[in-house]
Amino acid sequence: MPEDIISTYAVKRLHILDESGIVDDALMPAVTESDIRRMYELMVLARTFDERALALQREGRLGTYPPIMGQEAAQVGSAFALHPTDWVIPSFREMAVHFTLGYPIHLMLQYWGGDERGQRTPDNLNILPICVSVGTHIPHAVGVAMAAKYRRDPVAVVAYFGDGATSKGEFHEGFNMAGLFRLPVVFICQNNQWAISIPVQGQTASATLAQKAFAYGFEGVQVDGNDVFAVYRAASEALDKARSGGGPTFIECLTYRMADHTTSDDASRYRSPEEVASWRGKDPILRLERFMASRGLMSDEYARDVKQRAADTIDEAVRAEEAAPPPTAADMFDHACATLGQRQAAQRKEL
Amino acid sequence: MPLLNMVQAINLALNEEMERDDRVVLLGEDVGRDGGVFRITEGLLERFGSERLIDTPLSESAIVGAAIGMAVYGLRPIAEIQFMGFLYAAFDQLFTHAARLRSRSRSRYTCPLVVRTPYGGGIKAPEMHEESTEAFFCHMPGVKVVVPSGPYTAKGLLTAAIRDPDPVLFLEPTRLYRLIREEVPAGDYIVPLGRAQVVREGDDVTLIAWGSMLEWVLKAVGEYSAEVIDLLTLNPFDAETVLASVRKTGRVVIVHEAVKSCGFGAEIAATIAEEAILHLRGPILRVTAPDVTVPLAKLLDHYLPSAERIRAALDEVLQY
Ligand SMILES: Cc1ncc(C[n+]2csc(CCOP(=O)(O)OP(=O)(O)O)c2C)c(N)n1
């Protein structure tokens, strides 16, 4: 008796904007000129933030910092598709997602400067705190989605994580539940090729990360993560599907971490300058600039103006952060729990 | 004898033990090509190859779980977890399996593995990177919990841990990695597990500490006639050395960087109360972190015990 093939799956890869700035018009999402400008400006803002954060860290004005350079399209493109009522469950390398949603930049600086007050999300946003423990936040997105479904709220939930996170138990347990209950959740992996020194080939024997979703009963797609239009399109479709009861989607954004893992890392120990150089040509910002130029949306003056505005915005945020009075020892207790126990209350007085 | 820091001392112990015994294998995130995020395993990949120095996926539970399987099969695995804050993911493996394998199988199977992890605060790192939750792990009969306090004890204790027939959790005080240099002999010496050291003799009060707190304690004691005990192994802890000192001095201050409630200091205090209460001339005092989550860098100095707080406790108990 022959063996029957009972299922096969095809993993799709979406790309729209190529390295020379040419788009596939048939695939182009519905974006206005002002959307495109806004995406560009956010990406420049994110890169400017990154550069400043690295400089501040070197001057001892910021703590350990994980750069996002190279990942701006994956972050801005996906966050651009979110509604203000949607929920975001971030990992620790999504600063541009925060900025796209309007998270105050000085708070982000405060957090990376070692001050928890920077983690207080403004009341109009639904963003959980940055999660430093890799991948352990994935089930939280699943739970938020379960609650939204239970309440019949038409919101979608997004969990962001890296390629390394796909090796964690929580990734698999979370995916399994999301598929099982057909939850309104979108999982966005920024596959930046490296989890510190371990390349993605050292993380999994799967040809793609996207395909892992199929094992849990929902669709996984790969997108060119340096192509802001592809990311935006994939995210918009997945979010619409989630909000309309179609269940979860996994989006693997193929991108690259251009800088060190963090300011405590030295990436030259484990990856070649040639590899880094080969990704420089795929820079998501350069690519969008080329496209905008071809559409008459770019001029030297505009580009200069965008950079200047980004620099001014970051300057202002640095000033705001550095003007904040330092936290006091009592702050450690004020958010420990709703009501302090006797011992905690005594300790608060002593310190 | 060479002066080594703790990173070099641990690296030397790993080199020597891997050389001595080909059953010793090391596994963890970034331990191979990168030499570990603290460079503890630097050079080992080149020397021993990728079969013995395994760069794993980002899977703490699988790292410890696989180490259990390797140990059962007769190897001597050393699992590195990048920071203590990420060991919680492997808690189930440690508690449910490593700690109980011997008893569940009536010693048919044993679990001679070492889990190494940087621990403790004072390095101003991000969240989850400054944890000091040793007490959780001391509540696991079957797993030894060891904390060196300098390069010499680090090498000797790690060597003993690797040769121990049961699972050992080896907690490396991150703040000390490059802070202190000591003479560390090459070649065979061990610092036995389960034994504390009296690092300074004194008559008036016994100070008990471990890991990176020892350094603070030694700075704080100055002119006091304080006997300082470095516990080295927390589980099983050396009650005899502690009790002998308490019977001599009659006063006790315990210093740890973990939070106060249910910290390991409570176990020591309870043991002293049970065994030597009539020798006490004052209350047993603890200098600890407050009962709050480890804060980020800006408040860390308020959180960790300081020499000042240690001296205040000494004064309090001496004037009691
Ligand atoms: C559970 C856990 N284990 C280990 C670490 C240490 N660590 C921090 S980031 C990282 C690599 C993460 O890689 P990936 O998920 O691909 O995200 P990326 O850093 O590339 O954005 C590791 C091992 C951690 N933070 N959490």
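Quick check: anything in segment B:259-271 buried (at least 19 other Cβ atoms within 10 Å of the Cβ), away from chain A (no Cβ under 14 Å) and under 19 Å from B:Glu131 (Cα atoms)? Steps first, answer last, please.
If we filter segment B:259-271 for residues that are buried (at least 19 other Cβ atoms within 10 Å of the Cβ), which is where we start, we get B:259, B:263-265, B:268.
Still in the list and also away from chain A (no Cβ under 14 Å): B:264, B:268.
Now narrow it down to the ones that are under 19 Å from B:Glu131 (Cα atoms): B:264.
Yes, there is a match, as at least one residue in segment B:259-271 is buried (at least 19 other Cβ atoms within 10 Å of the Cβ), away from chain A (no Cβ under 14 Å) and under 19 Å from B:Glu131 (Cα atoms).
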Worksheet item: Do we have B:Gln93 as within 16 Å of the ligand (Cβ to nearest atom), within 14 Å of chain A (Cβ to nearest Cβ), open to solvent by 30 Å² or more (accessible area, probe 1.4 Å) and of a type in the set (S, T, N, Q) here?
Response: yes
Item to complete: Give me a count of the residues in segment A:327-351 that are assigned to a loop (DSSP other than H, G, I, E, B) and either within 11 Å of B:Pro290 (Cβ to Cβ) or free of Cβ contacts under 8 Å to residues at least 60 places away in the same chain (or both).
Response: 9
Discussion item. Any residue at all in segment A:207-221 that's touching a helix residue (DSSP H, G or I) at 6+ places or on another chain (Cβ under 6 Å) and within 16 Å of the ligand (Cβ to nearest atom)?
Written reply: yes
Fill in: The lone exception for A:Pro122 - which of (1) within 16 Å of the ligand (Cβ to nearest atom); (2) away from chain B (no Cβ under 11 Å); (3) open to solvent by 10 Å² or more (accessible area, probe 1.4 Å); (4) farther than 19 Å from A:Asp265 by Cβ it fails
(1)
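If only one of A:Gly169, A:Gly174 is of a type outside the set (Val, Ile, Thr) and within 13 Å of chain B (Cβ to nearest Cβ), which one is it? Before you say what the answer is, go through the steps one by one.
Values: A:Gly174 fails: within 13 Å of chain B (Cβ to nearest Cβ).
Being of a type outside the set (Val, Ile, Thr) and within 13 Å of chain B (Cβ to nearest Cβ) holds for just one of A:Gly169, A:Gly174, which is A:Gly169.
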Discussion item. So, A:Gly162, is that one at negative phi, touching a residue at least 24 places away in the same chain (Cβ under 8 Å), more than 12 Å from the ligand (Cβ to nearest atom) and within 14 Å of another protein chain (Cβ to nearest Cβ) or not?
Written reply: no
Worksheet item: Quick one: B:Pro305 ticks every box in (1) open to solvent by 30 Å² or more (accessible area, probe 1.4 Å); (2) within 14 Å of chain A (Cβ to nearest Cβ) bar one, so which box is it?
Response: (1)
Discussion item. Based on this model, can you work out whether B:Leu171 counts as under 22 Å from B:Gly74 (Cα atoms), away from chain A (no Cβ under 14 Å) and at pLDDT 95 or above?
Written reply: no
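Being assigned to a loop (DSSP other than H, G, I, E, B) and in contact with a Leu (Cβ under 8 Å, 6 or more places away or on another chain): is that true of A:Val155 here?
Details: assigned to a loop (DSSP other than H, G, I, E, B): yes; in contact with a Leu (Cβ under 8 Å, 6 or more places away or on another chain): no.
So A:Val155 fails the test.
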Worksheet entry | Residue list for segment A:73-107, filter: within 14 Å of another protein chain (Cβ to nearest Cβ) and either at pLDDT below 95 or away from the ligand (no atom under 16 Å from the Cβ) (or both) | A:Leu107
Fill in: Qualifying residues in segment A:45-61 (those that are aliphatic (A, V, I, L, M) and open to solvent by 10 Å² or more (accessible area, probe 1.4 Å)) - the one farthest from the other protein chains (Cβ to nearest Cβ)
A:Leu45
Discussion item. Suppose we filter A:Val200, A:Val228, A:Val155, A:Val221 for residues that are within 20 Å of A:Asn126 (Cα to Cα) and either in contact (Cβ under 8 Å) with a residue 40 or more places away in the chain or within 14 Å of another protein chain (Cβ to nearest Cβ) (or both); which single one remains?
Written reply: A:Val155
Worksheet item: Quick one: how many residues across segment A:127-152 are more than 9 Å from chain B (Cβ to nearest Cβ), within 12 Å of the ligand (Cβ to nearest atom) and outside any helix (DSSP H, G or I)?
Response: 1
Worksheet item: From the list B:Ile277, B:Ile310, B:Ile284, which residue is open to solvent by less than 20 Å² (accessible area, probe 1.4 Å) and of a type in the set (A, V, I, L, M)?
Response: B:Ile310
Discussion item. Return the residues of segment A:49-72 that are closer than 21 Å to A:Asp227 by Cα and within 14 Å of the ligand (Cβ to nearest atom); say none if nothing qualifies.
Written reply: A:Asp50, A:Pro67, A:Ile68, A:Met69, A:Gly70, A:Gln71, A:Glu72
Worksheet item: When you look at A:Ser264, is it farther than 20 Å from A:Val228 by Cβ and assigned to a helix (DSSP H, G or I), yes or no?
Response: no
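Look at segment A:169-178 and say how many of its residues are open to solvent by 10 Å² or more (accessible area, probe 1.4 Å) and within 16 Å of the ligand (Cβ to nearest atom). If you could, list the steps in order and put the result at the bottom.
Within segment A:169-178, the subset open to solvent by 10 Å² or more (accessible area, probe 1.4 Å) is A:169-170, A:172-173, A:176-177.
If we keep only those that are within 16 Å of the ligand (Cβ to nearest atom) too, we end up with A:169-170, A:172-173.
Looking only at that region, the number is 4.
Taking B:Arg39 as the residue in question, decide whether it is at positive phi, in a loop (DSSP other than H, G, I, E, B) and surrounded by fewer than 23 Cβ atoms within 10 Å (Cβ to Cβ).
Numbers: at positive phi: yes; in a loop (DSSP other than H, G, I, E, B): yes; surrounded by fewer than 23 Cβ atoms within 10 Å (Cβ to Cβ): yes.
Considered against the rule, which asks whether it is at positive phi, in a loop (DSSP other than H, G, I, E, B) and surrounded by fewer than 23 Cβ atoms within 10 Å (Cβ to Cβ), B:Arg39 comes out as yes.
The values are calculated or read from the model by the stated rules, or taken from the named source; none is laboratory data. Computed from a predicted structure; not experimentally measured. Here the Cβ is made from the backbone with ideal geometry for all residues, glycine too, and neighbour counts use every protein chain on show. Heads up: the accessible areas ignore ligands, DNA and RNA and are worked out on the full protein's heavy atoms, side chains in. Shrake-Rupley method; radii C 1.70, N 1.55, O 1.52, S 1.80 Å.
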